[in-house]
Amino acid sequence: MFKINDNYLKLPGSYLFSTIAKKVAAYKAANPDKDVISLGIGDVTQPLAPAVIDALHKAVDEMGKAETFHGYAPDLGYEFLRKAIADNDYKTRGVDIALDEIFVSDGAKSDSGNIVDIFSQDNVIAVTDPVYPVYVDSNAMSGKTGEYLTDKECWSNVVYMPCTAENNFVPELPEKTPDIIYICCPNNPTGTTMTKPELQKWVDYANEKKAVIIYDAAYEAYISEADVPHSIYECDGAKTCAIEMRSFSKNAGFTGTRLGFTVVPKELKSSDGTMLNSLWARRHGTKFNGAPYIIQRAGEAVYSEAGKAQTREQIAYYMNNAKEIRNTLSDMGYTVFGGVNAPYIWLQTPEGMKSWDFFDLLLEKANVVGTPGSGFGPSGEGYFRLTAFGTAENTKKALERIRSL
Ligand code: PLP
C-alpha cells in the first residue's frame, strides 16, 4: 500500500483564502440579493495593458506559422526576456545581474514555494509574522517545521519575527540563529517596507551567520518612497546571501497569464562551495518546463516604452484606491498602516476586536470582504487587510458601507 507525505496532514486548517472563499460563498448562497464587494484576495482588476495585448497577438500569430513556431522554451527562459529584466530591473539601479542568474517562471508563488527543494530539512527558518502563508506552508509540506503548536498558532521550529505597530513592522534580529530568512518587501500583508539601511542590516546579518535570505519583491513596482530599495541587490554583499523573487502579476496584471522570475546569484554558495544557482538550475530544468513563449513575449512588452507608461498608469490607479482607503479609514478613526509603497492597507480592528470577528462583521453588515490579520500569523491578530486592487467604484462603495457600520 502506498504511503502519503503525511506532512500535509500536519498543516493547520485549510489555506487562508480557501477558508475565506467558502465563508463568502455560504453567505452569498444564504443572501442571494446582496451585492458583496471583495477587497480581500490580492487580485488585480484592470485589464492587461494594450502593449501587452499587442505582443500577445503578435506572438500567437508567430505560433501559427512554421517559420516562427516555438516549442519548449529554454530552461532559464528566453534570452529576450531575461535581457529586458537585467537591463530594466537591475542595470537601472546600478546592479549587474548576469542572464544565467535569472530564471523565468510562472510566478512568485511557485518559486517561493518550490525553493525549499534545494535546502535541507534541518534548516531553521525565520519568517516575519504576519507572513505570506506560502513560505511557512511550503516548509511544513516538506517536513521542516516540527509540531504545530495550536495554542500558539505557530510551528515549533520556525522562528517567528513579530512585525507590529510597536516595531514599525520591521523585524528585529532573532535570538535563535536562522539558516533561511524570508523577507517580503513591500510586505504582504502589512503593506509596509524597510528602508535601505534597515535591509542592509539583514544582509550583513545573513552574511555573518551564513544564512540565506529569500527576498520576495512581488510588489516592487508599488514603491514610491526614495529610501525603499527596489531590489535586495542594492545592498552591499547581498549577492552572497540573497535569492530574489519577482512577479509580473502585480506590476502588469499577469495574475491570470502567469509570469515571474527568480534571481540566484552565482556568488551565493553553501559552506562546501556548492553554487545555489546550479541547484536551482537543476531543479528548474527537471520540474518546470518553461513559461509559454507568448507569455514571455507579453512580459517583454511590459518593458517597452509604451508598456512601461501603461503599467505605470495601472499602478497609479491602484495606489489612488490605496490613498482613498487610507484617508477615509483614518477619517473614520481607524489606525491604518501600509498603502504608501504597496497596494495593501493594514488596519487595526476597532476596540481590539478579533480579526475573524471583524471579518464576519464586515461581511454581514457591510457586505465587504477583507482578510483577517490572524490568518497571516499570530501577530496578525487584531489587524485586518484590505486591498487596493478593486475598481475605484467598488472601493468607494465599500468605504461608504464601512462608514455606515
Ligand atoms: N509573493 C507575494 C508576497 C504575494 O503576495 C503573491 C500574491 O499575492 C505572490 C508572491 C504570488 O505571485 P504570483 O502571482 O507571481 O505567483
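At-a-glance table
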| read-out | value |
| --- | --- |
| Computed over region 245-296: relative contact order in percent, which uses C-alpha pairs under 8 Å that are six or more apart | 28 percent |
| Net +/- balance of residues flanking Leu16 in space, Cβ distance below 12 Å, scoring K and R +1, D and E -1 | +2 |
| Percent RCO, i.e. relative contact order, over the chain, from Cα pairs under 8 Å lying at least 6 residues apart | 23 percent |
| Dipole magnitude of the chain, debye to nearest 20 (Cβ charges: Lys/Arg +1, Asp/Glu -1, about Cα centre) | 660 debye |
| For the chain, the longest site-free run once GluC sites (Glu not before Pro) in DSSP loop states with at most 10 other Cβ atoms within 10 Å are removed | 226-405 |
| Estimated inter-spin distance, Leu99 and Ala30, nm [label 7 Å along Cα→Cβ] | 5.8 nm |
| Overall dimensions of the chain as given by Cα atoms, namely Rg and Dmax in Å | 21.2, 66 |
| Mean ellipticity per residue at 222 nm, deg cm²/dmol - from DSSP H runs of n ≥ 4 across the chain, formula -39500 (n - 2.57) | -10500 deg cm²/dmol |
| Pair Lys83, Ala165: separation of 7 Å Cα→Cβ label points (nm) | 5.2 nm |
| Furthest towards positive pole of dipole, Gly285, Tyr317, Ala301, structure part region 283-336, Cβ charges | Gly285 |
| Lys, Arg +1 and Asp, Glu -1 on Cβ, resulting dipole of region 1-146 about Cα centre, debye, nearest 20 | 660 debye |
| Rounded, prolate or oblate (a/c below 1.5 giving rounded, otherwise prolate when a/b exceeds b/c) for region 1-94 by Cα gyration tensor | prolate |
| Anisotropy class of region 213-287 from Cα gyration tensor, a/c 1.5 cut | oblate |
| Karplus 3J(HN,Hα) series, Hz, for region 16-29 with 6.51 cos²θ - 1.76 cosθ + 1.60 (x for Gly, Pro) | 3, 6, 6, 4, 5, 4, 5, 4, 5, 4, 5, 5, 5, 5 |
| Cα gyration tensor shape of region 244-288, rounded if a/c is under 1.5, else prolate or oblate by comparing a/b with b/c | oblate |
| Per residue solvent-accessible surface (Å²) - the chain, probe of 1.4 Å | 44 Å² |
| Contour excess over end-to-end distance, with Cα ends at Met141 and Ala392 and 0.36 nm allotted per residue | 86.5 nm |
| FRET efficiency, 1/(1 + (r/R0)^6) with R0 45 Å, evaluated for His57 and Ser14 via beta carbons | 0.70 |
| Value of D in µm² per second that Stokes-Einstein yields for region 110-153, Kirkwood Rh from Cα pairs, at 25 °C (0.890 mPa s) | 221 µm²/s |
| Relative contact order of region 40-121, pairs being alpha-carbon contacts under 8 Å that are 6 or more residues apart, as % | 20 percent |
| For the chain, built as a Gaussian network whose Cα springs stay under 10 Å, the top-fluctuating residue of Asp360, Asp236, Asp129 | Asp236 |
| For the chain, with +1 on Lys and Arg beta carbons and -1 on Asp and Glu, the positive-most of Tyr27, Cys154, Thr92 along the dipole | Tyr27 |
| Nitroxide proxy distance, nm - points 7 Å out along Cα→Cβ at Phe2 and Lys201 | 4.9 nm |
| Net charge dipole size for region 214-353 [Lys, Arg +1 and Asp, Glu -1 on Cβ; Debye, nearest 20] | 720 debye |
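The values are calculated or read from the model by the stated rules, or taken from the named source; none is laboratory data. What you are looking at is a predicted structure, and each value in this text was computed from that prediction instead of being measured. Reconstructed Cβ throughout: ideal geometry from the backbone, glycine too, with neighbour counts over all protein chains shown. We work out accessible area using only protein heavy atoms, side chains counted, and drop any ligands, DNA or RNA first. Shrake-Rupley method; radii C 1.70, N 1.55, O 1.52, S 1.80 Å.
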